[in-house]
Amino acid sequence: MEGLTDCGRSLYSYMDNYYNSVKLAHTLLANGTYCTGTLRANRKGNPKEITSKKFKIGESVGKYTREGVCVMKWRDRREVLAIISEHTNDLVEVTNRRGEQKLKPMAISIYNKYMSRVDRQDQMLSYYPCARKTIRWSKRIGIHFFQLLLLNSYYIYIENVKKCSLYDFRLSVITALVKNQININVPSAIPPKIKTLTFLQKLQRTKKKIL
């Protein structure tokens with residue numbers, strides 16, 4: 001965030017519970033940055049009257065600090081602890097995947113809207129893990145960036161060209177990149193053998209075996 005807080009306009013950040021704390025929310029708010037996100041119950045500075053309170057499904061409660069940061073708790077299928085400096089903890093009506101109407105805190109609804117994109121991206125990347133612990137960290141970062149570029153290209157492609165699976169898109173990109181790199185000119189001192197050449201081959205998918 002360094003260098004962005006003095007840009008002359010308000011900023012809005014959405015973070016998961018790995019980063020959030022009451023102290024961080026105060027610091028961000030003092031620098032013109034609002035935050036919304038989940039919060040770990042054992043974070044220093046959390047109001048105990050909120051973290052220790054038990055709820056029935058659908059119930060919620062929140063407490064504001066003097067600076068305007070709200071720590072709230074809401075019970076759905078499980079308890080959700082959140083920290084807010086942008087939105088209120090008012091309940092709004094939302095429609096779930098089954099088409100049912102239910103009440104949910106506004107902050108949680110907006111947080112899910114933005115963070116679901118990050119979760120979806122992580123899920124798509126997890127289908128084809130390339131980095132290994134034995135690879136140097138700098139190379140792992142490079143591989144991760146390439147994976148992100150490939151995934152973003154896939155989204156652009158299916159939106160503007162045609163629909164296809166991520167598997168087929170990756171295969172077509174790899175084929176295009178590798179096709180011109182295969183050297184079929186074997187040195188004259190070595191007799192050409194087809195076994196010395198490497199080609200891409202698409203494997204047939206096997207049926208799932210049920211034990």
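Every number here is computed from the coordinates shown, using simple stated rules; none is lab data. Since the structure is predicted, the reported quantities are computational estimates derived from the model, not experimental observations. Neighbour counts run over all protein chains shown; Cβ positions are idealised from the backbone, glycine included.
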task = Could you list, in their original order, any pairs among LYS133/LYS163; LYS44/LYS104; LYS23/LYS133; LYS44/LYS113; LYS73/LYS133 whose Cα atoms are separated by more than 29 Å?
result = LYS133/LYS163; LYS23/LYS133; LYS73/LYS133
inquiry  = Can you compute the FRET efficiency between GLN101 and ASN17 using 1/(1 + (r/R0)^6), with r the Cβ-Cβ distance and R0 = 25 Å? Round to the nearest 0.05.
reply    = 0.35
message = For a distance above 23 Å, tell me the whole-number percent of Cα pairs in the stretch 11-120 that qualify.
response = 23
remark   = Kirkwood-based Rg/Rh on the Cα set of the stretch 127-179 evaluates to 1.03
